[in-house]
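Scroll down for the structure; my scribbles are underneath it.
The values are calculated or read from the model by the stated rules, or taken from the named source; none is laboratory data. Given the structure is predicted, the values throughout are model-derived calculations rather than measurements. Glycine gets a Cβ as well: all are built from the backbone with ideal geometry, and neighbour counts include every protein chain shown.
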Amino acid sequence: MLYNIIQTSRGKETVVMTDSLKKVNARIKTLRQSHRGQHCGMRGPTKVSFRIEESESKDTYQKRPHNPKLSG
């Protein structure tokens, strides 16, 4: 069974990842740590929250990073 990570920011919901429960839990842990105390480059205080839901899709998915060349 596959699960989705749903990100809620400024009233919009986006699917960040679809995969098995073990991988989704590991990814949501890193996402919550990276958004702790930050405003994600947006003006004003914004609340970013994540939740896990069951997926109807049969394919795995992971959202690409905004800047793929972080190291150089």
Check your understanding: Taking Lys29, is it modelled with pLDDT of 95 or more, of a type outside the set (Ser, Thr, Tyr) and under 15 Å from the mean Cα position of the chain (by Cα)?
Key -> no
Review point. Within the range 53-62, is there a residue that is outside any loop (DSSP other than H, G, I, E, B), modelled with pLDDT of 90 or more and surrounded by fewer than 15 Cβ atoms within 10 Å (Cβ to Cβ)?
Key: yes
Revision key, fill the gap. Reported set for the range 1-26 where residues are crowded, with 17+ Cβ neighbours inside 10 Å and either in a helix (DSSP H, G or I) or in contact (Cβ under 8 Å) with a residue 60 or more places away in the chain (or both) is Val24
